[in-house]
Amino acid sequence: MAEACLSGLWLRFNYLDQSHTISQDLPDSTGSYWHGIMHRREPDYSNAKYWFRRTGDHPAMEILADKVKLFVTEVKLDRVTQFLAEGTWDPMAMVDACEAVARGNCAKQELLEKVAQSEWETLFEYCYSRAF
């Protein structure tokens, strides 16, 4: 998990290549999760989805879903961001929403950046708590 923390820290400060080098060598769902986030940020949406499929139902996703549900109660969601209120974390829908913003088909960039930050924090906390 210490290696997963390093991958997350490189990603947090936008060192995608360094994060990628570490996450691609982690043989578990946590490595796949960091790998998927990194490809979503590049952006390489289809590759991100590949890694999120490999991630499966990661334990951090349940925590993230609860966090996101709390801060979207005050926000008007659109068809692209409606998944945020569903009570479960859907990384594929997040990839689609980020792609929609990039293509100019969604005006919720600020909201999605806040969600992505919460996702990073949640996954990092998960890794950090297991690194010791």
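The values are calculated or read from the model by the stated rules, or taken from the named source; none is laboratory data. Predicted model, so just to flag it, every value in this text is computed and none were measured. Because the Cβ atoms are built from the backbone with ideal geometry, glycine has one as well, and the counts that use them run over all protein chains shown. Remember, those area values only see protein heavy atoms, side chains included, never the ligands or the DNA or RNA. Shrake-Rupley method; radii C 1.70, N 1.55, O 1.52, S 1.80 Å.
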Inset, instruction - Give the accessible surface of the chain per residue, rounded to a whole number of Å², with probe radius 1.4 Å and ligands, DNA and RNA excluded. - result: 55
Inset, instruction - For Phe13, Phe71, Phe132, Phe83, give the ranking by accessible area with the largest first, probe 1.4 Å. - result: Phe132, Phe13, Phe71, Phe83
Legend entry - Area accessible to solvent at Met92, 1.4 Å probe radius, in Å²: 50
Legend entry - Additional length obtainable on full extension of the chain from Asp90 to Lys67, 0.36 nm per residue less Cα span: 6.9 nm
Inset, instruction - In whole angstrom, note down how far apart the Cα centers of the stretch 40-63 and the stretch 1-30 are. - result: 13
Inset, instruction - Keeping every protein chain in place, order Trp10, Trp34 by accessible area at 1.4 Å, biggest value first, i.e. largest first. - result: Trp10, Trp34
Legend entry - Apportionment of accessible area to carbon and sulfur, the chain, percent (1.4 Å): 49
Inset, instruction - With springs connecting C-alpha atoms under 10 Å apart, model the chain as a Gaussian network and identify which of Thr81, Thr55, Thr73 has the largest mean-square fluctuation. - result: Thr73
Legend entry - Gain in span if fully extended, Leu77 to Arg103, counting 0.36 nm per residue against the direct Cα distance: 7.6 nm
Inset, instruction - Could you calculate the contour length gain from Asp44 to Met1, that is, 0.36 nm times the residue separation minus the distance between their Cα atoms, to one decimal place in nm? - result: 13.0 nm
Legend entry - Alpha carbon convex hull of the chain, volume per residue in cubic angstrom: 94
Inset, instruction - Kindly provide the GluC sites (Glu not before Pro) of the stretch 43-132 that DSSP labels as loop, not H, G, I, E or B, and whose Cβ sees at most 11 other Cβ atoms within 10 Å. - result: Glu74
Legend entry - Estimated 222 nm signal from helices in the chain, with DSSP H stretches of n ≥ 4 weighted -39500 (n - 2.57), rounded to 500: -22000 deg cm²/dmol
Inset, instruction - Estimate the FRET efficiency between Lys114 and Thr21 by the formula 1/(1 + (r/R0)^6), using the beta-carbon distance for r and 25 Å for R0, to the nearest 0.05. - result: 0.35
Legend entry - Dipole of the stretch 1-102, positive end: most advanced residue of Met92, His35, Thr55 [Cβ charges, Cα centre]: Met92
